[in-house]
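A short worksheet on the structure shown next.
The values are calculated or read from the model by the stated rules, or taken from the named source; none is laboratory data. Because the structure is predicted, anything quoted here is derived from the model rather than measured. Cβ atoms come from the backbone with ideal geometry, glycine included; neighbour counts cover every protein chain shown. Areas reflect the complete protein model, heavy atoms only, side chains present, ligands, DNA and RNA absent. Shrake-Rupley method; radii C 1.70, N 1.55, O 1.52, S 1.80 Å.
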Amino acid sequence: MNTMLKIMRMRKNEIPVDILLLFEDIVRTYKGAECEEKFIKAMEEHLTKEQRFRLYEQNGSCSGTGHDKERKAFAHEHADKPLAERLELFKRTFGRTAVLNDDNTITVTFACKHGYYKHAPKGMFRFPASIETYFERCAGGRLYEYQKALGIRLRIKSVDVSPLSENIVNPVVFTFDIVG
């Protein structure tokens, strides 16, 4: 949470000082999973969805997990190919489900093999006050992965957790705007 707090302090993120003080107090007062849970709950209560998206674009979960060499090598090897072809190769190489849409977005259907899904079948939910806030963080990790491998810039457009209401282990749908 210290990294997220550092990002929140950046002027470009426009988090008011009184809100920053609340997050600093959480980090000082709590440790481990309890700190993380309270921090995420406070993000949900005190920040807009757009603010959370911008923060998670800078520091999502599962980013920089040791696969960066593979992603960078993939990006370098396929840099000369059109985006649609790179995305198709990425899906086949890394086993991800993604669609390049006509409106200059990428839709990703994703179910992680750890975190929430690891605990969901057992009925143990680590986070959060809102499932959506948990998966916004996950969207930041997917954004990071796609940016590295495809050599493009993305923004989180939406996080759709509605498939979870049908079955708790259904994948979540992320939509990313292509911005560069």
Under 15 Å from the Cα of Lys41 - aspartates and glutamates, other chains or at least 8 residues apart: Glu24, Asp25, Glu132, Glu136
Cα long-axis angle, helix 32-46 against the chain (0 to 90 degrees, to the nearest 10): 90 degrees
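Given the Cα-Cα distance of Arg153 and Val17 and 0.36 nm per residue of separation, how much length would full extension add, in nm? Before the final figure, lay out each step's value.
Numbers: separation 136, 0.36 × 136 = 48.96 nm, distance 2.92 nm.
Result for the pair: 46.0 nm of gain on full extension.
Per residue, how much accessible area does the stretch 1-47 have with a 1.4 Å probe, in Å²? Before the final figure, lay out the partial values.
On the way: 3060 Å² over 47 residues.
In whole numbers, the stretch 1-47 has 65 Å² accessible per residue.
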Cα-based Kirkwood hydrodynamic radius, the chain, one decimal, Å: 17.2 Å
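If you stretched the chain out fully between Asp102 and Asp177, how much longer would it get, using 0.36 nm times the residue separation minus the C-alpha to C-alpha distance? Write down the numbers at each step before the final one.
Numbers: separation 75, 0.36 × 75 = 27.00 nm, distance 1.12 nm.
Net length gain for the segment: 25.9 nm.
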Computed helical MRE - 222 nm, the chain, DSSP H runs ≥ 4 contributing -39500 (n - 2.57), nearest 500: -16000 deg cm²/dmol
Exposure rank, largest accessible area first [Arg86, Arg9; 1.4 Å]: Arg9, Arg86
Only Lys, Arg (+1) and Asp, Glu (-1) charged, at Cβ; the chain dipole about Cα centre in debye: 560 debye
Whole-percent carbon and sulfur share, accessible surface of the chain, 1.4 Å: 50 percent
Two-decimal log10 I(q)/I(0) for the stretch 1-47, as the Debye equation yields it once each C-alpha is a single scatterer, q = 0.24 Å⁻¹: -0.83
